[in-house]
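**Q** Pasting a structure here, questions to come.
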Amino acid sequence: MTTAINTNKGWITIGAGAAALVGTAWFNHMNSKRVETQCPPTGEFIEVDGVRLHYVDRGVGPPVVLLHGNGVMLQDWEVSGVLGLAAEHHRVIAFDRPGFGYSSRPRSSAWTPAAQANLIAAALKQIGVGPAVVVGHSWGTMVALALALDNADVSAGLVLLSGYYYGSARPDVLPASVPAVPLLGDVLARTVAPLAGLLMGPSALKVSFSPAPVSEKFADFPVAMALRPGQIRATAADTAMMIPGAIALSRRYGELNLPVIIMAGEGDQIAHVDKHARKLVNDIAGAELRIIPEQGHLFHYAVPEQVAAAIEEVGDRAT
């Protein structure tokens, strides 16, 4: 009798757990739909090699391409003020990278920095843009570098912000990559990961801005868009690809022959200046390094005008 009771309790526990997961998945699905209704696409779409890319096209003048970092989307450039300032003198194309914002991310491809760069290059050619000053932030700097290395015809110069350029150890990579694991990752991304992201988001944001306070501008960033299951998977996949992507690119930095300005927050706790920015400037002939004092990984929120000035300078050197 006791065995039967324990067995029944076990099945009840399993059933309750399954019901909780289903309920959580339903809640996250409905929440994603609500968020997308509140934050509809602001730009245009282009189909490239089976990938539907979302981008905004603003301003008139020499072209500039903006590539956001991991976990965010093109609104990062809008909310920080970089896009608006750059568009005063340039035609600015800001992409949602594959899997972020409203861009798709087919699972048939391994979305390395090089693969994303080739996709962006093909999109720019379809749009009729290039060569352009390419601006990358964080993970987006690897895409920008791959663009310059493999698609020189669309890259006039680079402005690199808070980049991760070398395969240094990162203890956060393994746990942050779990939602990219097939099957298990799908379950996590649809159930507990969005809630975990919501709970851990404030502390992660503080680290991203530290030693500066969190910018008041960030209140306008659509955080809920970044917590949709599909974007959580894309974020995890890019995290898993970060170290091997940087190792592959770092072997080729000496091949670059175009104007490059590297910018970094002095107190960046995510991509440490000494391990990345200070090292990269020595590996690219003619590159210039600009350290932003008392700022961290998201320094472009505090000094968007300095980023815009760097874009102007790189553009001038490229002509």
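**Q** Would you point out which residue out of Ala240, Ala271, Ala248, Ala264 is under 17 Å from the mean Cα position of the chain (by Cα) and either within 18 Å of Ala114 (Cβ to Cβ) or of a type in the set (Ser, Thr, Tyr) (or both)?
**A** Ala240
**Q** Of all residues in segment 129-165, count the ones that are in contact with a Leu (Cβ under 6 Å, 6 or more places away or on another chain) and not aliphatic (A, V, I, L, M).
**A** 8
**Q** Check whether at least one residue in segment 193-206 is open to solvent by 70 Å² or more (accessible area, probe 1.4 Å), at pLDDT 90 or above and not hydrophobic (A, V, I, L, M, F, W, C), and report yes or no.
**A** yes
**Q** Also, I was wondering about something else. Scan segment 11-24 and tell me whether some residue there is farther than 30 Å from Ile93 by Cβ, surrounded by 13 or more Cβ atoms within 10 Å (Cβ to Cβ) and modelled with pLDDT of 50 or more.
**A** Taking every residue of segment 11-24 in turn, at least one turns out to be farther than 30 Å from Ile93 by Cβ, surrounded by 13 or more Cβ atoms within 10 Å (Cβ to Cβ) and modelled with pLDDT of 50 or more.
This table checks each residue for (1) within 18 Å of Gly136 (Cβ to Cβ); (2) surrounded by 15 or more Cβ atoms within 10 Å (Cβ to Cβ); (3) at pLDDT below 95.
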site: His29; (1), (2), (3): no, no, yes
site: Val35; (1), (2), (3): no, yes, yes
site: Pro62; (1), (2), (3): yes, yes, no
site: Leu67; (1), (2), (3): yes, yes, no
site: Trp77; (1), (2), (3): yes, yes, no
site: Gly81; (1), (2), (3): yes, yes, no
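A quick yes/no check of all residues on (1) farther than 16 Å from His68 by Cα; (2) assigned to a helix (DSSP H, G or I); (3) touching a Phe, Trp or Tyr at 6+ places or on another chain (Cβ under 9 Å):
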residue: Phe218; (1), (2), (3): no, yes, yes
residue: Thr239; (1), (2), (3): no, yes, yes
residue: Ala246; (1), (2), (3): yes, yes, yes
residue: Gly286; (1), (2), (3): yes, no, no
residue: Arg290; (1), (2), (3): yes, no, no
residue: Val307; (1), (2), (3): no, yes, yes
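**Q** Condition (residue is under 22 Å from the mean Cα position of the chain (by Cα), open to solvent by less than 20 Å² (accessible area, probe 1.4 Å), closer than 23 Å to Tyr253 by Cα and at pLDDT 95 or above) applied to segment 282-289: is it met by at least one residue?
**A** no
**Q** If the requirement is being crowded, with 19+ Cβ neighbours inside 10 Å and farther than 30 Å from Val273 by Cα, which of these qualifies: Arg91, Arg97, Arg52, Arg105?
**A** That would be Arg105, the only listed residue that is crowded, with 19+ Cβ neighbours inside 10 Å and farther than 30 Å from Val273 by Cα.
**Q** So which residues in segment 52-106 are farther than 17 Å from Gly315 by Cα and of a type in the set (Val, Ile, Thr)?
**A** Val56, Val72, Val79 - these are the residues of segment 52-106 that are farther than 17 Å from Gly315 by Cα and of a type in the set (Val, Ile, Thr).
**Q** What about Val303, is it within 20 Å of the chain's Cα centre (by Cα) and in contact (Cβ under 8 Å) with a residue 24 or more places away in the chain?
**A** no
**Q** Report yes if Ala234 is open to solvent by less than 20 Å² (accessible area, probe 1.4 Å), out of contact with any helix residue (DSSP H, G or I) (no Cβ under 7 Å at 6 or more places or on another chain) and either at pLDDT below 95 or of a type in the set (Lys, Arg) (or both), otherwise no.
**A** Taking the combined requirement at face value, the residue satisfies it.
**Q** Kindly establish whether Gly254 is buried (at least 23 other Cβ atoms within 10 Å of the Cβ) and more than 21 Å from Lys206 (Cα to Cα).
**A** It is false that Gly254 is buried (at least 23 other Cβ atoms within 10 Å of the Cβ) and more than 21 Å from Lys206 (Cα to Cα).
The values are calculated or read from the model by the stated rules, or taken from the named source; none is laboratory data. The shown structure was predicted, so the numbers you read here are calculated from the model rather than taken from an experiment. Don't worry about glycine lacking a Cβ; one is built from the backbone with ideal geometry, like all the others, and counts go over all protein chains shown. Surface accessibility is based on the protein's heavy atoms, side chains included, excluding ligands, DNA and RNA. Shrake-Rupley method; radii C 1.70, N 1.55, O 1.52, S 1.80 Å.
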